[in-house]
Structures are given as structure tokens and as C-alpha cells.
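What follows is a set of notes on a single structure, which appears directly below.
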Amino acid sequence: MTQKVFLVDAFMDGPYSGAPTAVVFLNEPVEKLKMSSLASELGCQETVFLLDTHGGFLLRFFSLVQEVPLSIHSCLAAAHLIYELATRPPDNPIKFHTQEGEISASLADDQKGINLIAASQLLAKLDQARLEQFRDILGLKPNDVAWAALTPQKVIVLCLESLELLKNARVKLDELINAPVQGLAITSASPQSDCDYFIRAFLPILGIPEEQVSGNIHRSLAPQWGRLLQKKSLVCRQLSRRGGRVNLDLVNPNQVAFSGRTKTVLKAIILSDDYMD
């Protein structure tokens, strides 16, 4: 079976930015071990596998080390390719079926971008003991943290008092990977007029020391920052090595819309037949 693989930069903020995402279109179901092995071989932050079910697409997401329930930037990359390759007509919305529910995708009105809509999620308050633990992992003082929370995916979120603290934060990854959580995100308000908040995220348990661009966490962060800033449309920038920009709209109390720049960078063919057969 000839298997094509695409590399797409999702949520770009300029050339060679955003999250490099491998996208694999399947002709038939493939066992989990082979998908996981190919994702490890490709070496991207995440690899998404798509199976066309005619009524939509079944999506599976894999980091370098394990399957993950949902990857928003991978959904954006997949939708970009579906429209670019004319797998669906430009006026036809796409339904993605994932382990965390349905994600809808459509072309923007100018047909130059993709809009994703996903269910929003609430943050939970972080208890004092864990707050102190994760302040220590970051080497922060008590007054450095404005607020702290926990996402439904068990990612710790600390809002820092300044952008400088966010830029200069150093995470003790050896301690984080042994903590009983999925990861750690730090955020801060933006002093810049073209951005509302910044973020950095660390997911070593998934084989991602620091994410290039985060997506799923904004299902919780966007509603929080929207309340704090009294805004329904938000821009977040990722302070990673590559950097990225995520545009967010609070559609209603239960949904968040994502949009961002995407670009197909590479198309390849898997040469070894036994890799996906």
C-alpha cells in the first residue's frame, strides 16, 4: 500500500513557525501499534491519522511516545490539507470524530484560513499544596503567581505576574515528569496591543519537553482570559523556540472557535510496505 505523509505547520506566526504536524490519510483502519510506531519514526510533536467515514473523518493523534485523545493543532493541519487537496468542496464543513467529541472545521469567509469549533472546558481551582509544588518546579516566589488552576486533562496552569517571569521561567523537567499530572502550562497577560495573552507549555510525559504551539488547553484558557479581559475575541502567542499564534473566539458559553495560519511544508511517501500494511 502506497502511503503518503504530509508535514504541515499549524498556528504559524511567520515562516518556519507554528507546530510541525505530520498528517497521514488512511485508506482503511490500521492497528494502534503501527500508528504509534510511525509517529515515533516521523518525530513530530504530534502525528494525526485520518480515516474518511464519508459522513466525516475519524481522527487518531499520537505524540512521540503515546496516543493522545485530542490535538487541536493537528485538527487544523488536517482540515487545511482536506481543503487544499480538494477532498471536500470549499463550502462543505468537515466533521472530525475524536476521543473527546466532535470538532467542526470550515473554510473562513475569505477561503484563506480554517475555522475550528470545539467544546469549551472549565478550569478547576488548584489546591495550595500543589501550587507550592509547581512554584518550586519553576523556581518561583509566592508573589510571582497571580492565579493557579487545573484543566480537565490534568494540566497545571499558573498565571504569572509578568511577561518577563514567563520568558525567564526554567522548568525542572525531571521533577515535572514524575509529578501526578499530564503537564504544566504558564501564562501571562500581554502588554502588547496585538496580543491578549502569552503561554508556554511543558508535556514531558508525552515526549514533549516544551510544546511549540498549544491548542487543546485554550478550550479552558480562552474562557478564563475572556472573563478576565472582558473580551470575546482573543489572540494568544506561544513563547516557544518556533513561536506561534492562535486566534480564539468565544462563540458561546460552551464553544471556542480556533483559527490560524497553516502551510503545507512537505509531502513524502513511505517506501517500506510493511510499515502500514
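Out of all the residues in segment 188-220, which are farther than 22 Å from ASP9 by Cα and of a type in the set (A, V, I, L, M, F, W, C)? Within segment 188-220, ALA189, ILE205 qualify.
Among the residues making up segment 103-131, those that are free of Cβ contacts under 8 Å to residues at least 60 places away in the same chain, outside any strand (DSSP E or B) and surrounded by 15 or more Cβ atoms within 10 Å (Cβ to Cβ) are LEU126, ARG130, LEU131.
When restricted to residues that are farther than 21 Å from LYS154 by Cα and assigned to a helix (DSSP H, G or I), segment 132-144 contains 3. If you go through segment 256-277 and keep only what is loosely packed, with under 15 Cβ neighbours inside 10 Å and either of a type in the set (S, T, N, Q) or assigned to a helix (DSSP H, G or I) (or both), you end up with SER272, ASP273, ASP274, TYR275. Annotation note: of GLN255, GLN238, GLN224, GLN230, the sole residue that is among the polar types (S, T, N, Q) and without any contact (Cβ under 8 Å) to a residue 40 or more places away in the chain is GLN230. Looking only at segment 46-61, decide whether some residue is over 24 Å from GLN153 (Cα atoms), among the acidic types (Asp, Glu) and touching a Phe, Trp or Tyr at 6+ places or on another chain (Cβ under 8 Å). Checked segment 46-61: at least one residue is over 24 Å from GLN153 (Cα atoms), among the acidic types (Asp, Glu) and touching a Phe, Trp or Tyr at 6+ places or on another chain (Cβ under 8 Å). Of all residues in segment 60-78, those that are touching a residue at least 40 places away in the same chain (Cβ under 8 Å) and surrounded by 15 or more Cβ atoms within 10 Å (Cβ to Cβ) total 12. Count of segment 14-50 residues, restricted to those that are buried (at least 19 other Cβ atoms within 10 Å of the Cβ) and either within 12 Å of THR264 (Cα to Cα) or touching a Lys or Arg at 6+ places or on another chain (Cβ under 8 Å) (or both), is 12. Which number in (1) out of contact with any Cys (no Cβ under 8 Å at 6 or more places or on another chain); (2) among the hydrophobic types (A, V, I, L, M, F, W, C); (3) at pLDDT 95 or above marks the one condition that ILE114 misses? Here ILE114 meets the rest and fails (3). Here the helices (runs of 4 or more DSSP H) wholly within segment 150-253 that include at least 2 residues being surrounded by 14 or more Cβ atoms within 10 Å (Cβ to Cβ) and under 18 Å from the mean Cα position of the chain (by Cα) are 218-229.
The values are calculated or read from the model by the stated rules, or taken from the named source; none is laboratory data. Since this is a predicted model, take the numbers as computed values, not measurements. When we count neighbours, we look across all protein chains shown, and the Cβ atoms used for this are built from the backbone with ideal geometry, even at glycine.
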